[in-house]
Amino acid sequence: MKNKKEEKNCRLGTVGGQAVLEGVMMKNGDRYSVAVRLENGSIDVANEKFVALKSKYKILGLPLIRGVVNFIEMMKLSFKTLEISAHAMGIDDEVEDSKVEKWLRDKFGRGIMDVIMVISTILGLAIGIGLFFFLPIIATKGIDALSGGSLGLMRNLVEGFIKIALFVGYIALVSLMPDIRRTFEYHGAEHKSIFCYEAGEELTALNVRKFTRFHPRCGTSFLIVMLLISILFYSLPIFTWDNALLRMLTKLLFMPVIIALGYEFIRYAGKHENLFTKIMSQPGLWMQRITTREPDDKQLEVAITALKSALPEEFPDFKVESETQPEKIETENVAE
């Protein structure tokens, strides 16, 4: 029989997840489960399977390449899990019978919610590029001009500081919204339950509650690590300061490199605890003080339900009365 330390080691890094609308998604291997707290107090669970592209094509599982592939798959999975949670809560029910919905379904095979997701993604990318790529460059050039061009190599640090300040400020502002705050509470529940599972302890609200809500493999840490890496990487001479638009375009062109390096670090940090990983992970853990909140026991129950549902081999007797099976997804992609 395995002792607790051996059990923890074999569980480390095997489960990942994310917060959704009034719920949590947990993923293990090629299976993911979305648990959502309904208005009547019950928990709705949807189970699905995604097959990672690296499982089909070995070359996509190589270091650096796998980070970019995983990032794309993670985005697709995030949209799908948000769609599942919205459907469970009935958010899209009121548009299902509308004429516009029927026309979109007949013409394009997509509904209003799908169109909204596409539009919001495009707008989000446009705002993100403007806010976190172009604005820091313009602001830095302005500061450099005001200082008489004396910043020199410090321009890269100033740009990086502005970018991080914008990111932290943006997250801090949206966290003031009640719905976002509740999502951050479910985010905390996700982290706590994963820690409890990795520690080899029984998954109960009482046990889960005592674990920290700050996890080194969190997407928040991933974003912060990418920001820190970008400060060093974009200091290379190929990223000119002569033309703001050209600098932004070259930075966007090399963005996959930043994503790949950030992924490899998060993957390593999730399985190794040493001085290097502690130092590099700390800014992301600090940021999680904003992106995670302490959950209540009902939210912990949702996270535990999602986790156990994603691990049917370990919890074969676990059943949820309101369990549902969403329509099969044609695309066979999965985020790790």
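Here are the numbers:
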| quantity | calculated |
| --- | --- |
| Residue in the stretch 196-215 that is in contact (Cβ under 8 Å) with a residue 60 or more places away in the chain, more than 15 Å from the chain's Cα centre (by Cα) and under 29 Å from Ser150 (Cβ atoms) present | no |
| Extreme residue, farthest from the chain's Cα centre (by Cα), among residues of the stretch 231-285 that are part of a loop (DSSP other than H, G, I, E, B) and closer than 18 Å to Gly13 by Cα | Asn274 |
| Identity of the residue in the stretch 23-67, among the hydrophobic types (A, V, I, L, M, F, W, C) and exposed (fewer than 15 other Cβ atoms within 10 Å of the Cβ), that ends up nearest to Ala306 (Cα to Cα) | Leu38 |
| Residues of the stretch 286-309 classified as within 18 Å of the chain's Cα centre (by Cα) and basic (Lys, Arg), total | 2 |
| Any hit, the stretch 191-206, residues being surrounded by fewer than 17 Cβ atoms within 10 Å (Cβ to Cβ) and part of a helix (DSSP H, G or I) | yes |
| Matching option when the condition is in contact with a Phe, Trp or Tyr (Cβ under 9 Å, 6 or more places away or on another chain), of a type in the set (A, V, I, L, M, F, W, C) and farther than 30 Å from Val36 by Cα, among Leu252, Leu228, Leu203, Leu232 | Leu252 |
| Residues satisfying the stated conditions in the stretch 145-178, i.e. without any contact (Cβ under 8 Å) to a residue 12 or more places away in the chain and either under 26 Å from the mean Cα position of the chain (by Cα) or in a helix (DSSP H, G or I) (or both) | Ala145, Leu146, Met154, Phe161, Ala165, Gly169, Leu173, Val174, Leu176, Met177, Pro178 |
| Residue list for the stretch 253-277, filter: at pLDDT 90 or above and hydrophobic (A, V, I, L, M, F, W, C) | Leu253, Phe254, Met255, Val257, Ile258, Ile259, Ala260, Leu261 |
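The values are calculated or read from the model by the stated rules, or taken from the named source; none is laboratory data. Please read all numbers here as calculations on a predicted model, not as lab measurements. For neighbour counting, all protein chains shown are included, and Cβ atoms are generated from backbone atoms with ideal geometry for every residue, glycine included.
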